[in-house]
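Worksheet for the structure shown next.
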Amino acid sequence: MAIDEAKLNEFLGKAVGDLGAAVSATLVLVGDRLGLYRALAAESLTSEELAAKTSTSERYVREWLGNQGAAGYVEFDPDTGTWSMSPEQAACLADPSGPVDMPGAYNIVEATFHALAHTLDNFKSGAGMEWGEHHPCLFEGTERFFRAGYNTNLIGAWLPALDGVVDKLARGAKVADVGCGHGASTILMALTYPDSEFVGYDYHDESIGVATEKAAAAGATNARFEVADAVGYAGKDFVILRRQPPAAGEYAPFFREVEVRTIALGGGIYHAVLGRDFRYEPYRAEVLAVIKERFYRIPRGLPVLRCYFFERYFAQ
Ligand SMILES: C[S@@+](CC[C@H](N)C(=O)[O-])C[C@H]1O[C@@H](n2cnc3c(N)ncnc32)[C@H](O)[C@@H]1O
């Protein structure tokens, strides 16, 4: 196939630029974890001064500064031989409690490499990956990157956009933060609205442990955290709408209490089954297990890949 040289150069220009950014990703993490950004954001420094302040090797710091300067992440003054950061660079790179936490997001980039082997398997098998199977840097990165967004928007813009919610929170409400992770949003809301009670739920128990510690450290006494699966149904109330009336006792094994009402709607008659306090285990044993038997009996000899239904309901 003929190669168009102009198009080749255009493509390579872009691809090599992307490669440079990808290779420099580790150096953003270095700047964050060794405190290089924070030190530079505070004052202009030579490479020797920066190394001394951060207990690092000047030889490496000098190269890091060259990389970061070329990328436009720090500034160099040739007259004084010092490096510095503009207020904008500092806001994005050196302030984890500010409105943008770019290095926080690089923890997420790091997590994608930790997941590479698993990702390759998934592409072949079609299976998925649980949140908790990732490297912890994903949880840390998500907390940091999302927290910056919450710092800027949650209290001042997002909650006021919901009708009446701010008034309720100020008066005292009960709030569930579902999929709370490390609890960044839960803790921020709890500190802002001390008369409300906040419960963060997440199915990843390690995240719930971290959230609990962070809430205690922040003094958010009105926030607590529980391990819970948002798609778990046990204990919930349900309304099941049917065209045919249910058989007597049909739903009794699955709820603590069942009430059936007849509803006339749009010229038709419907039957509403009001089930209170769902009992998941009998439902799993009597309904899901039957589905499993009927539809998932894979003939011997056929290749068996991972199956969402099995993993979700019959993992143990
Ligand atoms: C993208 S993270 C966001 C975490 C947190 N809200 C934050 O802003 O930092 C999504 C979170 O949802 C949780 N999650 C996913 N599926 C869940 C489920 N079915 N039940 C409860 N938590 C779930 C994950 O464990 C993870 O902590």
Given (1) within 11 Å of the ligand (Cβ to nearest atom); (2) within 17 Å of the chain's Cα centre (by Cα), number of the condition Gly232 does not satisfy: (2)
The lone exception for Leu241 - which of (1) surrounded by 12 or more Cβ atoms within 10 Å (Cβ to Cβ); (2) assigned to a strand (DSSP E or B) it fails: (1)
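Look at Glu213 and say whether it is in the same structural domain as Thr186 (by TED's automatic domain parsing), within 37 Å of the chain's Cα centre (by Cα), assigned to a helix (DSSP H, G or I) and of a type in the set (Asp, Glu).
On the way: in the same structural domain as Thr186 (by TED's automatic domain parsing): yes; within 37 Å of the chain's Cα centre (by Cα): yes; assigned to a helix (DSSP H, G or I): yes; of a type in the set (Asp, Glu): yes.
So Glu213 fits the description; yes.
On the given criteria, is Arg256 out of contact with any Lys or Arg (no Cβ under 8 Å at 6 or more places or on another chain) and either surrounded by 14 or more Cβ atoms within 10 Å (Cβ to Cβ) or at negative phi (or both)? Before the answer, list the steps.
Values: out of contact with any Lys or Arg (no Cβ under 8 Å at 6 or more places or on another chain): no; either surrounded by 14 or more Cβ atoms within 10 Å (Cβ to Cβ) or at negative phi (or both): yes.
Considered against the rule, which asks whether it is out of contact with any Lys or Arg (no Cβ under 8 Å at 6 or more places or on another chain) and either surrounded by 14 or more Cβ atoms within 10 Å (Cβ to Cβ) or at negative phi (or both), Arg256 comes out as no.
Within the range 139-148, work out how many residues are more than 9 Å from the ligand (Cβ to nearest atom) and either of a type in the set (A, V, I, L, M, F, W, C) or modelled with pLDDT under 95 (or both). If you could, list the steps in order and put the result at the bottom.
So in the range 139-148, the residues more than 9 Å from the ligand (Cβ to nearest atom) come out as 140-141, 148.
Subsequent filtering for residues that are either of a type in the set (A, V, I, L, M, F, W, C) or modelled with pLDDT under 95 (or both) retains 148.
Residues that pass the stated criteria total 1.
Yes or no, residue by residue, for (1) within 29 Å of Ser185 (Cα to Cα); (2) of a type outside the set (Ser, Thr, Tyr):
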{"residue": "Thr46", "(1), (2)": "no, no"}
{"residue": "Ser57", "(1), (2)": "no, no"}
{"residue": "Glu63", "(1), (2)": "no, yes"}
{"residue": "Asp79", "(1), (2)": "no, yes"}
{"residue": "Asp95", "(1), (2)": "yes, yes"}
{"residue": "Gly104", "(1), (2)": "yes, yes"}
{"residue": "Ala117", "(1), (2)": "no, yes"}
{"residue": "Lys124", "(1), (2)": "no, yes"}
{"residue": "Leu138", "(1), (2)": "yes, yes"}
Set Val231, Val260, Val239, Val210: member being in contact (Cβ under 8 Å) with a residue 60 or more places away in the chain and aliphatic (A, V, I, L, M): Val210
Inter-residue pairs, beta-carbon under 9 Å, first under 14 Å from Glu311 (Cα atoms) and in the range 125-139, second surrounded by 11 or more Cβ atoms within 10 Å (Cβ to Cβ) and polar (S, T, N, Q), 6+ apart: Gly128/Asn122; Met129/Thr119; Met129/Asn122
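The values are calculated or read from the model by the stated rules, or taken from the named source; none is laboratory data. Since the structure is predicted, the reported quantities are computational estimates derived from the model, not experimental observations. Reconstructed Cβ throughout: ideal geometry from the backbone, glycine too, with neighbour counts over all protein chains shown.
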